[in-house]
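Engineer: Sharing a structure with you now.
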């Protein structure tokens with residue numbers, strides 16, 4: 001009875017599945033129970049450490065995503081792959097070999113294993129504003145040339161070219177989401193050059209001191225964790241035809257200067273929160289962050305159905321709600 | 001006595017050193033005896049087959065450029081590296097794994113070995129018009145976004161990003177020369193999608209039949225072998241400061257349609273030469289060739305001192321002179 005048959009159940013893989021975005025994505029997919037109308041039968045989470053796996057649909061694998069022995073079973077039969085694992089910008093700049101191994105070689109392995117299976121899985125790759133750099137036009141669009149000025153940005157740009165060609169050849173059905181800087185991330189600072197964009201809000205709201213390493217007029221392009229997860233799920237559900245041959249999408253963000261972020265912090269946490277910030281410019285971080293563009297035309301993303309956050313104050317309030325139990 | 005000391009002698013490496021461009025480059029460098037004012041003490045030619053090595057300065061190595069055992073000695077101590085070895089466009093499209101291994105993995109190995117030595121060698125990488133594709137602006141400049149629509153073009157674009165970042169980090173001093181299609185190449189047809197751009201002239205002038213796989217109004221962007229060698233030598237001699245962070249240069253070419261090429265053939269070889277061409281469109285070749293741009297702004301290359309050929313007729317005459325002994 002064609003037309004009445006249930007859609008086949010899917011296997012979904014998330015790399016970086018124990019990480020901040022990976023865990024949230026896993027919870028969201030499990031709660032939805034499906035992706036693009038197909039039920040999720042199995043969700044494989046690969047990461048260096050074992051991810052949370054109380055749901056019977058979850059298989060958690062602890063291992064190196066660059067290790068073919070770890071990855072072969074993880075990828076086999078996958079209908080959708082979310083590749084979130086990465087060495088972040090600051091660390092990839094400091095440790096070039098580690099960045100190349102994780103951000104480039106592991107992606108290549110993943111693409112080759114996906115291709116071997118012959119299932120042409122949906123392949124969602126997160127990318128970054130760091131693919132841009134140098135002299136930028138007044139407004140960055142999906143078609144602005146990629147001229148990274150960090151090794152992380154280079155690795156992400158190379159990844160975009162790889163996913164693009166594997167897609168063109170029919171090996172995977174790729175979609176590349178260029179995420180704005182995620183803010184406010186919960187948890188600890190990491191070694192991303194943009195880590196301060198979360199710390200500046202998170203630490204003061206948690207009663208802790210924090211350092212602002214850039215000047216107040218530094219522009220940032222931000223997306224909340226909720227917004228990032230919504231975009232990643234929407235990106236996987238999009239039809240490939242809607243994307244055509246340009247598989248990379250600049251996601252909508254909030255354009256804000258550091259001074260405005262601190263003003264939003266004051267609205268939510270008061271002057272005592274702002275007083276926990278000390279200012280100590282770090283030229284290495286400033287150099288990386290200032291190479292990223294600040295003004296964006298994301299009309300293509302809007303046409304494809306992506307929505308960002310309304311403003312930075314909403315982002316801070318959502319953080320307080322999700323992580324601090326405010327307004328619950 | 002500073003200022004009176006002789007410049008130190010150089011070791012120069014050419015990959016693809018037994019190939020068409022590699023052999024010509026080797027002969028040119030040996031005849032010049034120096035590069036950027038420094039005498040050439042040793043010229044290493046690596047290729048799958050042993051290159052011609054009658055000059056005492058030449059060391060010919062036959063081996064796989066992807067093999068670290070072959071490449072370690074070849075790269076050790078090199079002050080300038082010309083990376084010409086590649087799997088050509090048509091073959092890279094047909095055999096994806098071979099193209100990835102040679103056009104991407106071998107480049108990576110070469111860059112890593114160059115980096116290990118800590119000498120920051122000049123690194124000349126030939127690239128291609130195939131890095132472009134999709135909807136192109138009316139005029140392509142050095143800053144037009146790279147959107148390859150072939151695996152060869154993707155591999156070359158990835159190579160540009162790698163050389164750019166290895167240069168930024170101070171591991172090599174890279175310069176990327178985007179060569180127009182080389183015509184007229186002597187010898188046999190190869191598996192480049194653009195192979196016909198030489199065969200169309202070469203075979204008729206040699207009294208042989210040839211097939212034109214594209215329509216007469218197909219635009220091409222061409223450079224003679226002499227022009228290519230001049231550009232490669234000039235590219236190596238340029239100061240890195242003149243290039244800044246944008247290490248890729250679109251070299252000047254001659255913009256010509258296939259019909260005009262045949263008219264030039266008629267001028268040099270007469271109607272009997274033109275009669276040796278049969279027309280049989282090949283959609284696979286047309287698809288690749290038509291994805292390349294035809295109109296170029298090469299003013300940056302001109303400012304950097306690069307000169308192309310005056311017109312296609314001169315190219316055909318130079319071929320007849322160099323290869324057929326005409327006008328000698």
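Engineer: Taking segment B:258-289 only, how many residues are buried (at least 17 other Cβ atoms within 10 Å of the Cβ) and within 21 Å of residue B:129 (Cα to Cα)?
Structural biologist: 6
Engineer: Now for a separate question. List the number of the failed condition for residue A:125; all other conditions in (1) within 25 Å of residue A:9 (Cβ to Cβ); (2) out of contact with any strand residue (DSSP E or B) (no Cβ under 6 Å at 6 or more places or on another chain) hold.
Structural biologist: If we test residue A:125 against (1) within 25 Å of residue A:9 (Cβ to Cβ); (2) out of contact with any strand residue (DSSP E or B) (no Cβ under 6 Å at 6 or more places or on another chain), just (2) comes out false.
Engineer: Please determine whether any residue of segment B:49-63 is part of a helix (DSSP H, G or I) and either touching a strand residue (DSSP E or B) at 6+ places or on another chain (Cβ under 8 Å) or free of Cβ contacts under 8 Å to residues at least 24 places away in the same chain (or both).
Structural biologist: no
Engineer: Would you mind telling me which numbered condition in (1) without any contact (Cβ under 8 Å) to a residue 12 or more places away in the chain; (2) under 21 Å from residue B:233 (Cα atoms) residue B:67 fails?
Structural biologist: For residue B:67, the exception is condition (2).
Engineer: Considering segment A:240-257 alone, what residues qualify as being farther than 21 Å from residue A:131 by Cα and touching a residue at least 12 places away in the same chain (Cβ under 8 Å)?
Structural biologist: A:240, A:242
Engineer: Restricting attention to segment A:125-132, does a residue exist that is in a helix (DSSP H, G or I) and either farther than 23 Å from residue A:306 by Cα or within 14 Å of chain B (Cβ to nearest Cβ) (or both)?
Structural biologist: yes
Engineer: Further question: Answer with yes or no whether residue B:141 is more than 29 Å from residue B:112 (Cβ to Cβ), within 14 Å of chain A (Cβ to nearest Cβ) and either touching a residue at least 40 places away in the same chain (Cβ under 8 Å) or over 21 Å from the mean Cα position of the chain (by Cα) (or both). Talk me through it step by step, then tell me what you get.
Structural biologist: On the way: more than 29 Å from residue B:112 (Cβ to Cβ): yes; within 14 Å of chain A (Cβ to nearest Cβ): yes; either touching a residue at least 40 places away in the same chain (Cβ under 8 Å) or over 21 Å from the mean Cα position of the chain (by Cα) (or both): yes.
Taking the combined requirement at face value, the residue satisfies it.
Engineer: Related question: Out of B:185, B:175, which single residue is in contact with a helix residue (DSSP H, G or I) (Cβ under 6 Å, 6 or more places away or on another chain), buried (at least 18 other Cβ atoms within 10 Å of the Cβ) and outside the structural domain of residue B:230 (by TED's automatic domain parsing)?
Structural biologist: B:185
Engineer: So how many residues does segment A:30-47 have that are loosely packed, with under 14 Cβ neighbours inside 10 Å and in a loop (DSSP other than H, G, I, E, B)?
Structural biologist: Selection size over segment A:30-47: 2.
Engineer: Would you check if residue B:21 is in the same structural domain as residue B:237 (by TED's automatic domain parsing), in contact with a strand residue (DSSP E or B) (Cβ under 8 Å, 6 or more places away or on another chain) and in contact (Cβ under 8 Å) with a residue 40 or more places away in the chain?
Structural biologist: Yes, satisfied.
So that you can scan it fast, the table gives a plain yes or no per residue for (1) touching a helix residue (DSSP H, G or I) at 6+ places or on another chain (Cβ under 6 Å); (2) at the interface with another protein chain (Cβ under 10 Å from one of its Cβ atoms); (3) surrounded by 24 or more Cβ atoms within 10 Å (Cβ to Cβ); (4) not in a loop (DSSP other than H, G, I, E, B):
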| site | (1), (2), (3), (4) |
| --- | --- |
| A:135 | no, yes, no, no |
| A:145 | no, yes, no, no |
| A:155 | yes, yes, yes, yes |
| A:161 | yes, yes, yes, yes |
| A:164 | no, yes, no, yes |
| A:189 | yes, no, no, no |
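Here's the yes/no breakdown for (1) modelled with pLDDT of 95 or more; (2) surrounded by 20 or more Cβ atoms within 10 Å (Cβ to Cβ); (3) assigned to a strand (DSSP E or B); (4) under 19 Å from the mean Cα position of the chain (by Cα):
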site: B:2; (1), (2), (3), (4): no, no, no, no
site: B:12; (1), (2), (3), (4): yes, yes, yes, yes
site: B:17; (1), (2), (3), (4): yes, yes, no, yes
site: B:28; (1), (2), (3), (4): yes, no, no, yes
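Engineer: Scan segment B:299-328 for residues that are at pLDDT 95 or above and part of a loop (DSSP other than H, G, I, E, B) and report the count.
Structural biologist: Here the count works out to 6.
Engineer: Give the residues of segment B:161-185 that are over 14 Å from the mean Cα position of the chain (by Cα) and either farther than 19 Å from residue B:239 by Cβ or at pLDDT below 95 (or both), sorted by residue number. Explain how you work it out, then say what you get.
Structural biologist: Residues of segment B:161-185 that are over 14 Å from the mean Cα position of the chain (by Cα), as a first pass: B:161-174.
Those that are over 14 Å from the mean Cα position of the chain (by Cα) and either farther than 19 Å from residue B:239 by Cβ or at pLDDT below 95 (or both): B:161, B:162, B:165.
Engineer: Suppose the filter is in contact with a helix residue (DSSP H, G or I) (Cβ under 6 Å, 6 or more places away or on another chain) and either within 23 Å of residue A:171 (Cα to Cα) or not assigned by TED's automatic domain parsing to the domain that holds residue A:175 (or both); does residue A:66 pass it?
Structural biologist: On the way: in contact with a helix residue (DSSP H, G or I) (Cβ under 6 Å, 6 or more places away or on another chain): yes; either within 23 Å of residue A:171 (Cα to Cα) or not assigned by TED's automatic domain parsing to the domain that holds residue A:175 (or both): yes.
The answer is yes for residue A:66.
The values are calculated or read from the model by the stated rules, or taken from the named source; none is laboratory data. Only a predicted model underlies this, so the values are computations on that prediction, with no experimental measurement involved. With ideal geometry, Cβ positions are generated from the backbone for all residues, glycine too; neighbour counts draw on all protein chains shown.
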